[in-house]
Amino acid sequence: MPERKLSRRQVIAAASILVLLVALLFVPKFRSEYELLNYTRFLILALMAQGWNLIGGYTGYAAFGNVAFFGIGAYTTGLLMISKWAVPFFPAMFCGAILAALVAVVIGLPVLRLKGHYFAIATLGVAEATREIADTWDSVTQGSTGIDLPVRSEGEFFYYSALALVVLGVIATALLVRSKLGYAWVAIREDQDAARMLGINTTPLKVLAFALSAVFAALAGGLTAYQNIHVTPGDFFKLEYTLQMIIATIIGGTGTIFGPVLGAGVYQLLSTYVWTKFIELHPTVLGLIIIFFIIFAPRGLMSLVSEGLKVVRGQKRFRWQGLLANVRAHRVT
Amino acid sequence: MVASGGNGTAEVLLEARQISKRFGGLAALQGIDLKIFRGEILGVIGPNGAGKTTFVNCISGLDKPTSGEILFKGVDITKMPSYAIGRLGLARTFQVVKPLKQLTVRDNVAVGAMFGAKGATRTTAQARAYAEEILERIGLQHRQGHKAAELTLPDLKRLELAKALAMNPELLFLDEVMAGLNQTEIERAMELIRGVNRSGITLFVIEHVMKAIMGISDRVVVLHFGKKIAEGNPQEVIEKPEVVEAYLGERFAKRVRGERKSP
Amino acid sequence: MSSAEFAQIAVNAILLSGILALVALGFSLVWGIMNIVNLAHGAFVVLGAYFTFYLNELAGVDPFVSIPLSMVTLFIIGFIVQRVLINQVVRAPLLATFLLTFGLEILIVNLVNYFFKADLRSVTTRYSGTGWTVGVVRVPYIRLAALGIALVLVALTAWFLRATRQGRAIRATGMDIDAARLTGVKVGTIYSLTYAIGAALAGAAGSLLSMIVPFDPNIGGPYTQRAFVISVLGGLGEVANVVLGALLYAFVDVFVGARLPELSQAFTFAALVILLVLRPEGIAGKKFYA
């Protein structure tokens, strides 16, 4: 296969990404401050989802506690900014990311030895435990009252910061997954024993994936903290964030480079629409979205898009039954 | 062939001393002593549950023996993790195949080329190129762009072999790579295995297909209930009464002996 | 802690363990047989509690009388949920079933919140608050009765799994689904039955809880977590081990809760992670209700 030469498909893909990026650059010019907030939310969710994709999508570990790193990022950023050194925002946010990565290493070393359900529940518990610690450690976190950050109100600042981080995230993901590391992650996901026998030292590579996913979540947390001003354990350690990043990744496509961004966009669209129509039933709709995607499209929109392209190019005939392929493969009769 | 049974001058590539493995109350391996000489094809036979795969698991680091020690190229690998053993030049296939299902056939093999004995010297592009080379040798190049999940069982068995070869091993454990193959495929597989051996790789071959194992092995070891009951030249080994008994069952063995006595 | 306080805490732990065992049994049955960690389990507990509450409130049904009705209702709900939703992806990778049941939990809890409001509720009867006083220790009648009923239901489940045809089919399916199918077991139906029994046990536990502690729709999540921890402690093995796991958990929880109420989750999960890393198969170890 000639891989170095760019195919027509790759040119089209690159061009559409560029168009999308330019469009995103001009969003603040055409949208109200309130609408811009929703776009920023989408980007921050995309950032978290990109991080989750590394551990959950590529490495195959169903991490259910990434909100812990979001919270750690938020608190570190906030506490450094209001400390006697008055650290500026960006350095404070990066300190948060580094701290989150360190915590991920410490937690990951024991927890990543667990498999399947055990890992999922253990991470869920870790997130709950960090919330309790943030709630109890009054002398540092001021307990459930929370902390207040310096006010910065231009929406454009947050929008462009988030956009820059998401773009960096896409580039980082693309480079990582095409490196040996990416191959090792996927090998671990597909079969851990086989991966070990193939010469892959699984433990440090899994921990690395976990720590990198923590970095993404912590950056998102830092940005959200600065934007929201007020940081409390209840708001920044809530399970909903973990669910959002997972479901956004699944909607887009786990283990794909653009999936998390696409999924976050779709999620934010659904959420914005639903949020205004049925405020009280928001979780119900979230539940329905999860159920729908898990049953009918667990491989996400990226795979639907590539299947759709095959149909368009006439390589494959369209069949409604295709939508039930997942169910057919996994049901028990 | 370099070595034959009992040849004291040949180089010992791997030595297992008094390997035992217990699973709870079950003694899966009981004090196995075994030497593998560089360059040979060592065949291993034994009925189901004899401990063949357990033995390979213990040597390759997937499982740890309860007692005993293993030396590979003079290095004690008894407690070494399996990835380090793999990088040292010992590769294996799995009887129950373990493909990386969502990767293409080429990428499956490329992973072996990236992390095996010579992995550190290769870039990802070089590893993929080497993978294509291996696939050509194995006769699987026409499937290289397919996902491993789409392969048939004979192709999956070949993929196991390709992944292991891509690691540039000095010693390769083949765990029933011929199971489920038909007569022609077995002939091809035997030729393939001989070719691999000629390229300088020492082989430890577990196989149920008697004809194949007799045809390719320089030496044969027989395991039965976790014990080594015979070792040596293939023809001599399978005629030993304890081997016939282990394989065919006591009653059948007696009948065979009875038939031989009667004129 | 005085010895009187100590005795009271110990008694409370024992009284609580029955309901915990009931919750955990249904959860570990579904996990052990179907390999599904059912995060919607706590939501079924919530449904059971509300069922009993409203039967009492609107129709004046005695909460103890409502238990069988609650179990039948939850059995039907569980059967349908498994048939229509979970069965579609029951053999998909872990993340799918994990998220699917998570989605269900969010949905049920939110709907309960929406229709019944998030107020704290509790069932009160004329015998609420009555109890025995033995020396310095107080044993409320309702808690004692709840323990008794819970243990009877646990024993019935154990008997059902061991002695009936359907029960044996459930265990066989858990051990080897393909072998069970070959022997003529309708595994699809068995999965639905298993899930329905799990839901019914959760419903019974919810009904019992509604008489003992104030509740709101959000108690589901914590009960799912407790069921998980107990299942790990007891291993997915035998009914008796689940009861032991529940007793152990209840003691730890009550004692830790008495000293460090704010950090009980952190403590529980730290202990759980250590346990899992040291003994991934749980304390009891055996698998699959064999």
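FYI, it's all coordinate maths here, none of it is from the lab. As the structure is a prediction and not an experimental result, all values here were calculated from the model. Note that we place each Cβ from the backbone using ideal geometry, even for glycine, and neighbour counts take in every protein chain shown.
With Rh defined as the Kirkwood radius, the inverse of the mean 1/r over Cα pairs, the Rg/Rh of the stretch A:204-279 is 1.01.
Here chain C is treated as a sphere whose radius is the Kirkwood value from Cα pairs; by Stokes-Einstein at 4 °C and 1.567 mPa s it diffuses with a coefficient of 67 µm²/s. Magnitude of the charge dipole for the stretch A:142-210, about its Cα centre and with charges confined to Cβ atoms of Lys, Arg (+1) and Asp, Glu (-1), is about 300 debye. Under Stokes-Einstein, with the Kirkwood radius over Cα pairs as Rh, the value for the stretch C:1-151 at 25 °C and 0.890 mPa s is 139 µm²/s. Annotation for A:ASP235 and A:ASN38: the two label points, set 7 Å from Cα along the Cα-Cβ direction, are 2.1 nm apart. About its Cα centre, the dipole of the stretch A:282-329 is roughly 320 debye, where the only charges are +1 on Lys and Arg Cβ and -1 on Asp and Glu Cβ. Averaging 1/r over every pair of different alpha carbons in chain A and inverting the result gives a Kirkwood radius of 20.9 Å.
Restricting the calculation to Cα atoms, the stretch A:1-156 yields a radius of gyration followed by a Dmax of 19.8, 61 Å.
When the Cα gyration tensor is reduced to axis lengths a ≥ b ≥ c, the ratio a/c is 1.5 or higher for the protein assembly as shown, and with a/b not above b/c it is classed as oblate. List, in the order given, every pair from A:LYS29/A:LYS277; A:LYS180/B:LYS157; A:LYS115/B:LYS147; A:LYS180/A:LYS316; A:LYS206/B:LYS79 whose Cα-Cα distance in the structure shown is over 29 Å. Too far apart for the 29 Å limit: A:LYS180/A:LYS316. Each residue, A:LEU20 and C:VAL84, gets one label point 7 Å from its Cα in the Cβ direction; the gap between the two is 3.5 nm.
Distance between the pseudo-spin-label points of A:LYS316 and C:GLU262 (7 Å out from Cα toward the beta carbon): 5.5 nm. Looking at the square roots a ≥ b ≥ c of the eigenvalues of the Cα gyration tensor of the stretch C:76-192, which shape do they give, rounded for a/c under 1.5, prolate if a/b is larger than b/c, or oblate? Since a/c reaches 1.5 but b/c is at least a/b, the shape of the stretch C:76-192 is classed as oblate. Over chain C, Cα pairs under 8 Å with separation of 6+ residues give a relative contact order of 38 percent.
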